[in-house]
Every structure is written in structure tokens, then in C-alpha cells.
1. So which residues in the stretch 367-381 are within 15 Å of the chain's Cα centre (by Cα) and small (Gly, Ala, Ser)?
2. What residue, of THR278, THR265, is away from ligand 3 (no atom under 16 Å from the Cβ) and polar (S, T, N, Q)?
3. Can you work out which of the residues in the stretch 184-208 that are charged (D, E, K, R) and assigned to a loop (DSSP other than H, G, I, E, B) is farthest from ligand 3 (Cβ to nearest atom)?
4. Would you pick out the residues in the stretch 282-303 that are outside any strand (DSSP E or B), out of contact with any helix residue (DSSP H, G or I) (no Cβ under 6 Å at 6 or more places or on another chain) and surrounded by 20 or more Cβ atoms within 10 Å (Cβ to Cβ)?
5. Quick one: is ASP342 closer than 24 Å to ALA187 by Cα, touching a Lys or Arg at 6+ places or on another chain (Cβ under 9 Å) and outside any helix (DSSP H, G or I)?
6. Taking only pairs six or more apart or across chains, which ones have beta-carbon atoms under 9 Å, a first residue in the stretch 5-29 that is closer than 19 Å to THR114 by Cα, and a second residue that is surrounded by fewer than 20 Cβ atoms within 10 Å (Cβ to Cβ) and not aromatic (Phe, Trp, Tyr)?
7. For the stretch 10-47, name all the residues that are in a helix (DSSP H, G or I) and surrounded by 20 or more Cβ atoms within 10 Å (Cβ to Cβ).
8. Kindly check whether there is at least one residue in the stretch 117-124 that is within 16 Å of ligand 3 (Cβ to nearest atom), surrounded by fewer than 23 Cβ atoms within 10 Å (Cβ to Cβ) and not charged (D, E, K, R).
Amino acid sequence: MKPTNLTINGARLWDSLMELAKIGATAKGGVCRLTLTDLDKEARDLFASWCKAAGATVTVDRMGNMFARREGRDPKRPPIMTGSHIDTQPTGGKFDGAYGVMAGLEVLRTLHETGIETEAPIEVAVWTNEEGARFAPAMMGSAVFAGIFEENEIKAKTDRDGIAFGDALAKIGYDGPMPCGGRKVGAFFECHIEQGPILEADRKAIGVVTGGQAQRWYEINLTGQETHAGTTPMERRHDALLGAARIIDTVNRIGVARMPYARATCGVIEAKPQSRNTVPGRVFLTVEFRHPDEAILKLMDEALRAEAARIAGEIGLALDIQEIWHFPATPFDAACIGAVRDAARTRGYAHRDIISGAGHDALYMARVAPTAMIFVPCADGISHNEIEAAKPDDLAAGCQVLLDAMLRRANAPA
Ligand code: GLV
Ligand code: MN
Ligand code: MN
């Protein structure tokens, strides 16, 4: 790749990340900015104002996805797009998602201040509900954009308080007029912290992401019988929480049996009726499995179903197990991966190939556009935690690679 002199401003990128992190800041130094809340709206408004100041136009689609566009010399060419999300986990950090959006903003600002024109337009996207913490599944905005789910199906999904996605979107005023998706994207690049320990341990500033692993998400409802905790002998109980406890242990064993690549997690448990002296009669439990190999993920699925049925049978519980999301293993585009690798090499950044353990909007965008991602290390590989941390120099390096890769695609012959 031809070296370019255009350099992003790492200090400005860092300052924007810190400014954004004030919205929903937690006492422990993290961020709690759940999707489609007033805090999400505040962060979106700030992003829009920054983009407009950098000469971009901002539009919003019917899923609340935002697009900041800088016109190209040829406006008919499909945009070269970047972006990520600004919603967070309940115990989120300052960088998950926010980095990818602020890196895109930094690209816009760099182009704006230098007056550099690109052949293809440049767009920076903010995807709605990437996290899947409030509404499941994850990556809803990019999924509808990529035609994986129907807009109305997603808008009807409710959070654990029964609030519909569509109503929450309208309440914050981000149910935009543009149709979601159905337009061509020339290429999509996403910057993200790795959220795992590999780059830090290997002392690499840049991860050239070659694809993402497969996931299956489940919701389990166990129904037993609420009875008196003092009078019901142990052998007469149908304790739904006991069933859940055994399933949670089983889920962990399913993962441990397939180390080092398998991931197995129960993240939400709700027992009812939440009284200390009533045997719990109903439990809602979530399970998620991940693995780079679909065939092994299938074996994990089969083990869960067989073991949960056995446990429910032993305790006398009704078992309802629904797979609510199956996300296939996704390879990225060879040319986009190459553009990222070349940019890292040309700039002299230590880099290596890596597979994403986390879900990302780029994995849905890969279905409709040539796509790749750029990872940078985070401290101790910890993410979805308020202590999540990344180094300014690494964040700047990832953003520089993003700019270089985007420019290469945006100025390539049509
Ligand atoms: C996204 O945050 C994920 O859970 O991978
Ligand atoms: Mn993320
Ligand atoms: Mn996340």
C-alpha cells in the first residue's frame, strides 16, 4: 500500500472518548448507558453534534441506526462505512463500542480539517442495541440493516419490564424516517478493543480480525411448585431454583469439557416468587454458548437439551427451552482483511491475525458488504466491566489503520 501522510489526532480521539464516557458514568469509572434510554439519547445527540461540526450530514433510519456521511467526489458510489455502538452493558466500560464510533468520528474530523476529498462517500454508523443487554438478541440494528431480521419483529421485542423496543425507540425520538438497509455499502470496517487477552499477551498493537465465532442464545423457563418452606419435606418438593442451579453447573461443565475454545455462560436468573420461606416455583434462566466451530457448538446444544431434560425430570419440573438466537461463524472479506494488514505493516505497528470472540455489528455487515475489523489490546483482556481500559497509543494506532484502510477503499478505482 502507498504510504499516506494523513495522520489522525490521537489526543482528540482520547478526549472524545473521555467526554462520551461522562454520559452514564459510574462511580467505579465505567459506563452504564443501556440502549434506548435517556442516556443513550444524550450520547446520540452529542455524536450528531460532533459530526455536524465536522461537516457531515446525519440521518437516522427506522431502527434508530445513525449515519454520519461525508460526501465523496462521486456521490453515486456506495459509501465506505465504519462504526460501532454507543450502548453499553450495565457494568460497561468506556471503550466497548464507543471506540469504534469515536474512531470513525476521528476519521471524519481528520478529513474535514485537511479538506481531503475521497472518491466514494465516507459514512460513520451508530448501530442500535449492539449489546443485547436490555433487549435480546444482540446487534439488532445491524441485523435489520443486513436483512437478517424484520424491522417489525424486532420492534415488538420487549425488555424484562415488558417495554417494547419500538416504544422505547419512539420515546427517545430516534425512530427515524429512513428505511433500514436495502442500500449498497462499498466496504465496512470496525475498530474495537479486543475484549480478550491475546493481543496484550502477544505484545501486538493491532489485531487483524479474520472473522467471528458462532453463538447460540437460549431462554429456559422451569416450572415447579411454590410450597411452604417449613412444612414441605425435601422429597416432596419441585424446586425450580434447584433445577436452575443444576443446569447452571451443567452449562459450565459443557464449556469446560470443550476448552480452550468453548464459552458457556448463564447471565440472567430470575426466581419467583422471591420469598425466603416459599420453595421457588418458577425460574427464568438465560444460557449462551460460543465456539468457532459450528459442529462443536451443535454438540454443546445437544448436551444442554439432554442434561436439562434429565435434571427437570429428576426434580419434577416442566422445562421449556427456546433457542432465541443462532449466530453462525462468520469469515471476513479477504481484500478488507488485506487492507487492514497492509495498513498495520506500512505504519510499522506490531500486528497479528485474530478471530473475534465477541459479537460485533461488523459480523452482520459481513453478510451484505466486504467487511473486516481492527482490534486493539485492552488491559488484562477485561471487558463488560467498569475497569475496562485501553492505552491511548494503541487506540490511536487502530484509528490510523482504520483511516488508511478506508482511504484505500474509498479511492480505489470504481
Ligand atoms: C457483545 O458484546 C457480545 O456479547 O459479544
Ligand atoms: Mn462492542
Ligand atoms: Mn459489548
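Coordinate-derived values only; no laboratory data. Note that this is a predicted model, so its numbers are computed, not measured. Reconstructed Cβ throughout: ideal geometry from the backbone, glycine too, with neighbour counts over all protein chains shown.
1. Answer for the stretch 367-381, where residues must be within 15 Å of the chain's Cα centre (by Cα) and small (Gly, Ala, Ser): just ALA372.
2. THR278
3. LYS184
4. LEU297, the sole residue that qualifies.
5. So ASP342 fails the test.
6. Final answer for the pair search is LEU6/THR114; LEU6/ILE116; ASN9/GLU113; GLY10/PRO392; GLY10/ASP393; ALA11/PRO392; LEU13/PRO392.
7. Of everything in the stretch 10-47, those that are in a helix (DSSP H, G or I) and surrounded by 20 or more Cβ atoms within 10 Å (Cβ to Cβ) turn out to be LEU13, SER16, LEU17, LEU20, LEU39, ASP40, ALA43, ARG44, PHE47.
8. Within the stretch 117-124, not a single residue is within 16 Å of ligand 3 (Cβ to nearest atom), surrounded by fewer than 23 Cβ atoms within 10 Å (Cβ to Cβ) and not charged (D, E, K, R).
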